[in-house]
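The numbers here are math on the coordinates, done by the rules we state, and not lab data. Small disclaimer: the values here were computed from a predicted structure and weren't measured. As a convention, Cβ positions derive from the backbone with ideal geometry for all residues, glycine included, and neighbour counts pool all protein chains shown.
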Amino acid sequence: MQWKHLVIFFSLLLFVVGCSDNDETESVSSEASEPFKLGLILVGPRDDNGWSQAHFEGASHAIEKVGGEMIVVDKVNPADSPNITVPQVVDDMIGQGAQLIIATSDDMKDGILEAAAAHPDVPMIHASGDSAWTDGKAYHSELPMLANIMGKMEYGKMIAGCAAALQSDTGRISYLGPLINDETRRLVSSTYLGAKHCWTEVAGKSASDLKFNVNWIGFWFNIPGVTLDPTVVANEFFASGTDVIVSGIDTTEAIVEAGKRASAGETVWAVPYDYEGSCSEAPSACLGVPYFNWGPSYLDAIESVSNGSFKATFQWLGPDWKDINDHDTSMIGFLKGDGLTSENSKELDKFTKALGDGSLNLWTGPLNYQDGSSFLGEGESATDLQIWYMPSLLEGMDGPAE
Amino acid sequence: MFVRNDLLFLGLGILVPVCASMLVFLFVDAPPLRATELFFEGAFGSSQRMGDTLMIWVPLLLASSALIITFSAGMWNIGIEGQIIAGAVAASFVAREFEASTPVVLTAMIVAGLIGGMIWGGLAGLLRVRGGVNEIFGGLGLNFVATGLVVYLIMGPWSRRGIASTGGTEPFRPQAWFPTLDGLRVSPLSVLLAIGVLILVLWFLSRTSYGLRLRATGKNPLAASRFGIRTDAYLLLSFLLAGGVAGLAGVTQAAAVYHRLVPSISGGYGFLAILIVLLAGFRGQWILPIALFFAAVSMASFQWQLQLGLHSSLGGVIQGILVLSVLLLSGYRAISYMRKPISEEGDA
Amino acid sequence: MSLQLRSITKTFGPIVANDSLSLTIESGEIHGLLGENGAGKSTLAKVLSGFVSPDSGTVELDDEQLKLSSPSAAVSSGIGILHQEPLVFLDFSAVDNMLVGSPRDGNHTKDLAEEHLLKICEQFNFSIDPLIPVQKLSVGERQQLEIARLLWLGARVLILDEPTTAISGSQRENLFQTIRSLAEAGMSVIFVSHKLEEIQEICSRVTVLRQGRIMGTKHLPCPTSDLIDLMFDRELEPQGRKSSDSLGSICLELCGQKVTTHFESGKVDMTFRTGEIVGLAGLEGAGQRDLLRSIAGLDDTVTEGVFFRSRDIGDDSYIHRMQYGFHYLPADRGREGLVDGLTITEHVALASPQRSIATDWKLSREESKKIIDKFSIKGTPESVPASLSGGNQQRLLLGLIPDNPTVLLMEHPTRGLDIESAAWVWKYLMSLTEEGTTILFSSSDFDELMTYCDRIFVFFEGAIIQELASVEATTERLGSLLGGVK
Ligand SMILES: Nc1ncnc2c1ncn2[C@@H]1O[C@H](COP(=O)(O)OP(=O)(O)OP(=O)(O)O)[C@@H](O)[C@H]1O
Ligand SMILES: [Mg+2]
């Protein structure tokens, strides 16, 4: 009996398809005079109190300024959305009239390259990528409209490391790392440099008493059964004597666990990451948060698309040293947390100021890699290329580098 | 032969989930009509979207084909996800290690995926017939092992240079990609493979003596053994075959969808396929439209998120409603049929 | 009180199982239902007890039309059915089984159920501990429990569909006594059976069905031949076993064979000749079944010292022994014999030795048509076991016996067959022995044993207590041997 019904089913289907095929052309031909449409692709949920939320709020802020609209698709990763790929999302966003697409994860690299190749004249940004860096190792000259934006979070991480070292009693600082790549190696190294400087130069303690240790969960956030569980890793850190965790992952497990332990009477703290508001998970256990402020750069990008000047540029933007927490100008900020003592807070301000006026450059030799080989010779300071493509961890850090 | 009651149930089977879905849309403040429109638009609105829907259809069909085999043998093959993964791992191995022309590499990948899945399925089967481990627990365990294996490979021996991320391996060489038509992401080859395998599986089960013995084993192992059937061997056979077919789903996922190995390569399609086969009442031909519908809901839920700003898990909710209402209906139907055992089973 | 059936019709596709049946059953009456296999007896019983709904027709009890839309509706309108092997929840206690399916009201509490059960036990001489798990009860006791349950739920009409096939002789006596006292108390009883002597013994009237129609109703006792005339349009030619001097060489030997579990006297020495028919008599569970299964080499038995044509086959499994031409026909056709959900054609294909990948379905279909013809199965090649009447399932099972078996091991080969078919089946089985088949079968039917066997072994509590040549066997002798009295 059933075959007959299958035939009916499929003919109905074809009918429906036939009818709806016309809609497609309509939605493509959106007018330029309409409000600006931005397509934002997030790797995690838009309310993760971390990386994805920072992008979401930055983009919302920018789009509000120009009075446009935003199409957001979040949780675009194979674990959460097995049947959605980045090129597919991009196609649909363009179909809906998006004039600028922002892909916001390192994990979307292959996907956004494929999408950019398929739509070479649609402006796109791969945040954290390097495909538009003419000097970079992965330059794609054939993609004229795929730009990159990234913040010089190295500064934020140095401040974070410094705060951790100033506050730590035990000298055991642990870094809750995501996955291992160039970006994460340079960020954890910056944290270490900041910590080492403040431990020895500011607090005047011996370098050998500082234990800096990193563990990687395997991805930007927890994927049950696939990554290590960051909650477990954080607790292991604390259990082994760590009193400050600096988080490098997209989500807030480190500060949440620190908060739990602090309210149980332990003297432990954490430094979350990415999103300005993430100290709110446990304010008194929070030493501060280095965060991205994507709003200004996204606003620039939107405006350049509107006036036709958008190009595949590579932007690696630092803080506005006049006020790193200025929402209209500074790409990178550091918001101090309630956990930081006022004394340490003052020291941290001094440290920040020194970074800003150029009197202190922590990327200065002599610096060795973890295996003892030389990274920077005496007095030599690192180039952007050297920092961006950090191949290993630094001497003095514990933990795998790849 | 169609009884009046059947039509009634078919009607209810469509009406009830549709109404329930409408209520859900109202509940989340979405316009139900627009959402319905988006369902069709999102899944079938253009050749590209249709292709994307088919891209989800393919693993669902393959996984369902695999499950029909084990269900026919009376087994709950919960280990299907692991078998998909094993197939993908084996295919990825070929894609990474062998450089040759596309037809050669793809053939080798398909064969490797088949074998990889068979090994994983065979393990569950062996645990069941030799070790006396219930296939549900064995399968669950093997799923964990498979995920562990794939994470180990991606983080370890197969990691990208200088990177340790569970994000996935380096993309395969283009020779190891299933070929596509211009402007479409779906590979016609994978669609043909899936439909071909389903037909082959249905033919095997219904027309061959091995299939017959396998079904007899599933329906009544005791009586089957009185017919001289080595039921253990047939249970094992069912797991081997199902594993192989599931492995093919892994091959298409790796070579036609992701073009690389990712930890969640099975995409949960194995579990979804269990629902599909249950809904289809083990009748093969119903798998085609039901799997298509599930694929369409997955596509549509993306549109609902994109265009109505609805939560991304809404598609799962709708699928759940569908399954629940159909199961409730068929439960009711079974009760009302118990009273008149008409020889309806014959039309399978 | 009287039960009135008015033109009940029930069809299954083209088959008219009940063709406009009208019948009145008085209160206090035990009414027999007779008819060949597939005549429609079980269907009628199912209609009355709410398991199937009729296409048309009404049922009235005391001039009140009943709604028999489900088994529970039927019971609450006063009609209950006792199945051959009552469906019960084995892990539950006896009272809990009474509560399952009872209406949830103040009249059906656990205490009341227990009280009722004890009362019934006293009344009818049952001995069921209310708290005993049902799996510890024998089939006969389960029937008693079910009767108690039906009475508790208010049944005034009791239907029994072949109730005596699975219980022992003494249990049968007990059952009959119960039925009689129920009838005396004013209940109506409908009693379905193929055993004419049972019908004669217990029923006051009998209705004969043939092909879904009523052929007539008789007051009992009446000449048995009258009943047979009504049941079949052909003459029955009585058939007996001819003298057994034509037996061949030794085919099967058991020496010091060990049979597991129930069979206590470990040692058996027996020989069976080619072409011999050997009957195994005994109460249910006395050991006949264990002997058959261990000769078959079935998995739950251990066998040693089994020689087939002088060859030690003790280590071979049943599947292996099938290759020597062994065939085992189980008593429980639903659980062990037939695969429900597979058609007759598929059963035929399963049983046939073809080993090519693609089954020759045309051939199997032809073959199944032949079997349907030969064994006059009421069904088509596409019928599944569930759509066959009990007797027709048994015929299918017999039809699946391979062509030239060497050793045929059967439990109750003609259980559920009408007498005509039983006679026909034995004619067929005897023709097999002429081709060299050795037959061992268990049976609870003395006539069958005495008519067809060359030898009879009588089992008592796990041991063979007597070997009889068929000429030595009489009903009285067998009866006392079954009770363990030599
Ligand atoms: N569920 C069913 N589907 C199709 N046909 C059926 C079904 N149940 C019974 N029949 C058919 O109805 C007819 C009457 O069957 P029924 O079981 O009433 O016979 P019966 O008199 O009890 O026979 P038996 O003595 O063999 O038990 C048979 O031909 C049988 O094949
Ligand atoms: Mg019957």
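Could you give the size of the charge dipole of segment C:2-231 about its Cα centre, using +1 on the Cβ of each K and R and -1 on the Cβ of each D and E, expressed in debye and rounded to the nearest 20? It would help to have the intermediate numbers written out before the result.
Working: 19 positive and 29 negative charges, 92 e Å.
For segment C:2-231, the charge dipole is close to 440 debye.
Over every pair of different alpha-carbon atoms in segment B:170-232, take the mean of 1/r and invert it; report that Kirkwood radius in Å. Walk me through the intermediate numbers first.
Values: mean 1/r = 0.0678 Å⁻¹.
Hydrodynamic radius (Kirkwood, Cα only) of segment B:170-232 equals 14.8 Å.
Determine the relative contact order of chain A: mean sequence separation of Cα pairs under 8 Å and six or more apart, normalised by residue count, in whole percent.
Details: 846 pairs, mean separation 66.3, N = 402.
Once divided by the residue count of chain A, the mean separation gives 16 percent.
Given 10 °C and 1.306 mPa s, compute D for segment C:250-482 with the Stokes-Einstein relation, Rh being the Kirkwood radius over Cα pairs; round to the nearest whole µm²/s. Mind dumping the intermediate values first?
Numbers: Rh = 18.3 Å.
Approximately 87 µm²/s, per Stokes-Einstein.
Answer with one residue from A:Val271, A:Phe219, B:Val129: the one whose Cα lies farthest towards the positive end of the charge dipole of the protein assembly as shown, charges on Cβ with Lys, Arg +1 and Asp, Glu -1.
Farthest towards the positive pole: B:Val129.
Among the lysines, which fall within straight-line cross-link reach of C:Lys119, defined as a Cα-Cα distance under 16 Å, with same-chain neighbours fewer than 8 residues apart omitted?
Cα-Cα hits under 16 Å: C:Lys110.
Using a cut-off of 12 Å between alpha-carbon atoms, which aspartates and glutamates can reach C:Lys136, once sequence neighbours fewer than 8 places away in the same chain are excluded?
In chain and number order, the partners are C:Asp91.
Is the C-alpha gyration tensor of segment C:2-231 telling us rounded, prolate or oblate? Criteria: a/c under 1.5 is rounded; beyond that, a/b larger than b/c is prolate, otherwise oblate. Can you show the working numbers first?
On the way: a/c = 1.87, a/b = 1.42, b/c = 1.32.
Because a/c hits 1.5 or more and a/b exceeds b/c, segment C:2-231 counts as prolate.
In whole Hz, what ³J(HN,Hα) sequence does segment C:437-448 give by Karplus (6.51, -1.76, 1.60; θ = phi - 60°), x for Gly and Pro?
Working through the residues one at a time gives 7, 9, 10, 10, 9, 9, 7, 10, 9, 4, 4, 4 Hz.
Select from segment A:322-375 those trypsin sites (Lys or Arg not before Pro) which occupy a DSSP coil region and have at most 14 other Cβ atoms within 10 Å, ordered by residue number.
On the way: sites: A:Lys322, A:Lys336, A:Lys346, A:Lys350, A:Lys353; in loops: A:Lys322.
Passing sites in segment A:322-375 are A:Lys322.
With point charges of +1 on the Cβ of Lys and Arg and -1 on the Cβ of Asp and Glu, referenced to the Cα centre of the protein assembly as shown, which listed residue (C:Ile30, B:Ile274, A:Asn307) lies farthest in the positive direction of the dipole?
Ranked along the dipole, the leading option is C:Ile30.
Leaving out same-chain residues fewer than 8 places away, which lysines sit with a Cα under 24 Å from that of A:Lys196?
Within reach: A:Lys152, A:Lys157, A:Lys205, A:Lys211, A:Lys336, A:Lys346, A:Lys350, A:Lys353.
What is the Cα convex hull volume of the protein assembly as shown when expressed per residue in Å³? Provide the component values of the computation, followed by the final result.
Details: hull volume 270.5 nm³, N = 1236.
Taking only Cα atoms, the protein assembly as shown has a hull volume of 219 Å³ per residue.
Starting from the Kirkwood radius over alpha-carbon pairs of chain C, derive D by Stokes-Einstein at 20 °C in a medium of 1.002 mPa s and give it in µm² s⁻¹.
Details: Rh = 24.0 Å.
Stokes-Einstein gives a translational diffusion coefficient of 89 µm²/s.
Suppose every Lys and Arg Cβ carries +1 and every Asp and Glu Cβ carries -1, with no other charges. What dipole size does segment C:250-482 come out with about its Cα centre, to the nearest 20 debye? Before the final figure, lay out the partial values.
Values: 22 positive and 35 negative charges, 114 e Å.
The calculated dipole for segment C:250-482 is roughly 540 debye.
Let me have the 222 nm mean residue ellipticity of the protein assembly as shown computed from DSSP H runs of 4+ only, each contributing -39500 (n - 2.57), with the sum over all residues rounded to the nearest 500.
Working: 40 runs with 554 residues, N = 1236.
Counting only the DSSP helices, I get -14500 deg cm²/dmol.
Tell me, what ³J(HN,Hα) does each residue in segment A:305-320 have, in order and in whole Hz, if you take phi through Karplus 6.51 cos²θ - 1.76 cosθ + 1.60 with θ = phi - 60° and put x for Gly and Pro?
In residue order, the calculated couplings are 5, 4, 9, x, 9, 5, 9, 6, 9, 10, 10, 10, 9, x, x, 8 Hz.
Count of lysine pairs in segment C:250-482 with Cα atoms under 23 Å apart, counting only pairs 8 or more residues apart in sequence or on different chains?
10
Along the charge dipole of chain C, which of C:Ala166, C:Tyr328, C:Ile202 sits closest to the positive end, that is, farthest toward it, with unit charges on the beta carbon of Lys, Arg, Asp and Glu (+1, +1, -1, -1)?
Of the candidates, C:Tyr328 comes out farthest on the positive side.
Considering only chain C, what is the antiparallel percent among its DSSP beta bridges, to the nearest 5?
Working: 38 of 74 bridges.
Restricted to chain C, the bridges split so that about 50 percent are antiparallel.
If you build a Gaussian network model of chain B, linking Cα atoms that sit under 10 Å apart, which residue out of B:Arg185, B:Arg260, B:Arg230 swings the most?
B:Arg230
To the nearest 20 Debye, how big is the dipole of chain B about its Cα centre, given +1 on the beta carbon of each Lys and Arg and -1 on that of each Asp and Glu? Walk me through the numbers before you get to the answer.
Values: 21 positive and 15 negative charges, 155 e Å.
Here chain B has a charge dipole of around 740 debye.
Relative contact order (percent) for chain B, with alpha-carbon contacts under 8 angstrom and 6 or more residues of separation? It would help to have the intermediate numbers written out before the result.
Values: 561 pairs, mean separation 110.3, N = 348.
After rounding, I find 32 percent.
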